[in-house]
1. Mind listing just one residue for me: the one in region 9-54 that is hydroxyl-bearing (Ser, Thr, Tyr) and modelled with pLDDT of 95 or more and, of those, surrounded by the most Cβ atoms within 10 Å (Cβ to Cβ)?
2. How about region 1-58: which helices (runs of 4 or more DSSP H) wholly inside it have at least 2 residues that are among the acidic types (Asp, Glu)?
Amino acid sequence: MKRADKLRKADALAFMLTHIVVEQGRNFELNPQNLFQLMNLAGTAVDQVTEDDNAIAHEVMEQIAKQFIDQLPIGQLKP
């Protein structure tokens, strides 16, 4: 099985949402804008993991999820 077949955009999106909400305990509004941004970030994660044979998928997705959390307005982020 090729490495690219191991991580799909939908899997990356599910992991990132789980990481943000469950592991980090963050609540935010999943509006169309945030969903679109998360979908794009999931695609970026897949690209990074696919391009770098040494990349660890969950670490890449956690780093990208952190960037998403950091850019949320204070009003949307409820720890």
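The values are calculated or read from the model by the stated rules, or taken from the named source; none is laboratory data. Keep in mind it's a predicted model, so treat the numbers as computed, not measured. Ideal geometry is used to build each Cβ from the backbone, glycine not excepted, and the neighbour counts take in all protein chains shown.
1. Thr44
2. Qualifying helices (runs of 4 or more DSSP H): 32-51.
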